[in-house]
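Undergrad: Quick one: the structure is below, and I'll ask about it shortly.
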Amino acid sequence: AGLEDAYVEVLTTRGRFTISGSRDLRQTRPTFIAYAVPYIWIASPNKQAEGLHLFVASTVRIPDACVDARYKNFHWGDLTQGQLQALDAGADVAVLCGLSGFLSEGPGFNLFWAKDGKLFSPGTNVLEGITRKTVLDLAQEIGVPVETGDYAVQALSSADEAFVCSTAGGIMPVTQVGETVLGDGRPGSLSAQLRALYWNKRKAGWLGTRVSDLL
């Protein structure tokens, strides 16, 4: 595509019906789609250096019983509505909670926070994202314990620091949750350490395959 820094997406759709006029979803021929566009940031590097303002949306995350969040999909009606609420509130990004009231995820990213030197992250009703798994690996590498599970919003708003993570931006520090400022209002030390480690290892080729090696 002639792009130096690209976001590459590969998709499979159900495709077209093989029998004209049919509504039998089993009678379709799947379609494979791949495209490359200029790299997409959930938050610009400048905004990441400043820290994101996270908003806890009132929209409920669709439960796993309806759409299994572990697998990437574009069933984003709830996530999009939550993000619109965040923007209307003057925040940068939204995080949603499930029907149980426990923290879930945001549009295109997973959530982490730190308290007393330990990392926490929602463990249910979330995409098991590649970057989320990378954060777990990096935390183990630097000796930081991580716990995943079900957590109320209070666990996040009382955190020492927080960050979100995504392929579209890496590790992005959060400095405010709703009206609550985390720590001293600047990206936390652990968030900054993990963010630097992530990009340094990525630039060194960690977990990457050169396009030229595939051609």
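The values are calculated or read from the model by the stated rules, or taken from the named source; none is laboratory data. This one's a predicted model, so the numbers in the text were calculated from it and none came from an experiment. We place every Cβ from the backbone using ideal geometry, glycine too, and count neighbours over all the protein chains shown. For the accessible areas, the whole protein counts, side chains as well, though only heavy atoms, and no ligand, DNA or RNA atoms are used. Shrake-Rupley method; radii C 1.70, N 1.55, O 1.52, S 1.80 Å.
Undergrad: Does region 186-205 include one or more residues that are crowded, with 18+ Cβ neighbours inside 10 Å and within 26 Å of residue 78 (Cα to Cα)?
TA: No: region 186-205 contains no residue that is crowded, with 18+ Cβ neighbours inside 10 Å and within 26 Å of residue 78 (Cα to Cα).
Undergrad: Looking at 139, 114, 86, 91, which one is among the small types (Gly, Ala, Ser) and assigned to a loop (DSSP other than H, G, I, E, B)?
TA: On the way: 139 fails: assigned to a loop (DSSP other than H, G, I, E, B); 114 fails: assigned to a loop (DSSP other than H, G, I, E, B); 86 fails: assigned to a loop (DSSP other than H, G, I, E, B).
Just a single option satisfies the conditions, and that option is 91.
Undergrad: A further question follows. Could you give me the residue pairs with C-beta distances under 7 Å whose first residue belongs to region 133-151 and is over 24 Å from residue 100 (Cα atoms), whose second residue is of a type in the set (Lys, Arg) and open to solvent by 50 Å² or more (accessible area, probe 1.4 Å) wherever it lies, and which are 6+ apart or on separate chains?
TA: Here the result reads 145/118, each pair linking region 133-151 to a residue that is of a type in the set (Lys, Arg) and open to solvent by 50 Å² or more (accessible area, probe 1.4 Å).
Each row is one residue, and each column tells you yes or no for (1) modelled with pLDDT of 95 or more; (2) charged (D, E, K, R).
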residue: 9; (1), (2): no, yes
residue: 33; (1), (2): yes, no
residue: 37; (1), (2): no, no
residue: 42; (1), (2): no, no
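Undergrad: (1) surrounded by 11 or more Cβ atoms within 10 Å (Cβ to Cβ); (2) in contact (Cβ under 8 Å) with a residue 12 or more places away in the chain; (3) closer than 22 Å to residue 105 by Cα: which one isn't true of residue 71, the others all being true?
TA: (1)
Undergrad: Please work out which residue is nearest to residue 192 (Cα to Cα), limiting yourself to region 1-16 and to residues that are open to solvent by 90 Å² or more (accessible area, probe 1.4 Å), assigned to a strand (DSSP E or B) and free of Cβ contacts under 8 Å to residues at least 24 places away in the same chain.
TA: The extreme case among them is 12.
Undergrad: I need the full set of residues from region 139-171 which are within 16 Å of the chain's Cα centre (by Cα) and farther than 22 Å from residue 53 by Cβ, in order please.
TA: Result: 148, single match.
Undergrad: Suppose we filter region 112-127 for residues that are open to solvent by 10 Å² or more (accessible area, probe 1.4 Å) and in contact with a Phe, Trp or Tyr (Cβ under 8 Å, 6 or more places away or on another chain); how many remain? Break it down stepwise before answering.
TA: Filtering region 112-127 down to residues open to solvent by 10 Å² or more (accessible area, probe 1.4 Å) leaves 115-118, 120, 123-125, 127.
Then keep just the ones that are in contact with a Phe, Trp or Tyr (Cβ under 8 Å, 6 or more places away or on another chain); that gives 120, 124-125, 127.
Residues that pass the stated criteria total 4.
Undergrad: Taking the stated definitions as given, is residue 154 surrounded by fewer than 23 Cβ atoms within 10 Å (Cβ to Cβ) and either more than 23 Å from residue 73 (Cβ to Cβ) or hydroxyl-bearing (Ser, Thr, Tyr) (or both)?
TA: Numbers: surrounded by fewer than 23 Cβ atoms within 10 Å (Cβ to Cβ): yes; either more than 23 Å from residue 73 (Cβ to Cβ) or hydroxyl-bearing (Ser, Thr, Tyr) (or both): yes.
For residue 154, the condition - surrounded by fewer than 23 Cβ atoms within 10 Å (Cβ to Cβ) and either more than 23 Å from residue 73 (Cβ to Cβ) or hydroxyl-bearing (Ser, Thr, Tyr) (or both) - is met.
Undergrad: Also, I was wondering about something else. Could you look through region 28-59, keep only residues that are farther than 18 Å from residue 170 by Cβ and open to solvent by 70 Å² or more (accessible area, probe 1.4 Å), and pick out the one that is nearest to the chain's Cα centre (by Cα)?
TA: For region 28-59, the residue satisfying everything is 58.
Undergrad: Within region 91-111, does at least one residue satisfy the condition of being hydroxyl-bearing (Ser, Thr, Tyr), open to solvent by less than 30 Å² (accessible area, probe 1.4 Å) and in contact with a Phe, Trp or Tyr (Cβ under 7 Å, 6 or more places away or on another chain)? Can you show your working first?
TA: Here is the first cut: in region 91-111, the ones hydroxyl-bearing (Ser, Thr, Tyr) are 100, 104.
Of the ones still in play, those that are also open to solvent by less than 30 Å² (accessible area, probe 1.4 Å) are 104.
Checking which are in contact with a Phe, Trp or Tyr (Cβ under 7 Å, 6 or more places away or on another chain) leaves us with none.
So far as region 91-111 goes, no, none of its residues is hydroxyl-bearing (Ser, Thr, Tyr), open to solvent by less than 30 Å² (accessible area, probe 1.4 Å) and in contact with a Phe, Trp or Tyr (Cβ under 7 Å, 6 or more places away or on another chain).
Undergrad: Now a separate question. Does residue 80 meet the test of being at pLDDT 95 or above and open to solvent by less than 40 Å² (accessible area, probe 1.4 Å)? Steps first, answer last, please.
TA: Working: at pLDDT 95 or above: yes; open to solvent by less than 40 Å² (accessible area, probe 1.4 Å): no.
So residue 80 does not fit the description; no.
Undergrad: While we're looking at this one, here's another question. May I ask you to say which residue of 164, 144, 126 is more than 21 Å from residue 94 (Cβ to Cβ) and not in a helix (DSSP H, G or I)? So that I can check it myself, show each step before the final result.
TA: Values: 164 fails: more than 21 Å from residue 94 (Cβ to Cβ); 126 fails: more than 21 Å from residue 94 (Cβ to Cβ).
Just a single option satisfies the conditions, and that option is 144.
Undergrad: May I pose another question? Those residues that are acidic (Asp, Glu) and either more than 24 Å from residue 102 (Cα to Cα) or crowded, with 22+ Cβ neighbours inside 10 Å (or both), I need them from region 157-185; list them, please.
TA: Looking only at region 157-185, we keep the residues that are acidic (Asp, Glu), and these are 160-161, 179, 184.
Those that are acidic (Asp, Glu) and either more than 24 Å from residue 102 (Cα to Cα) or crowded, with 22+ Cβ neighbours inside 10 Å (or both): 161, 184.
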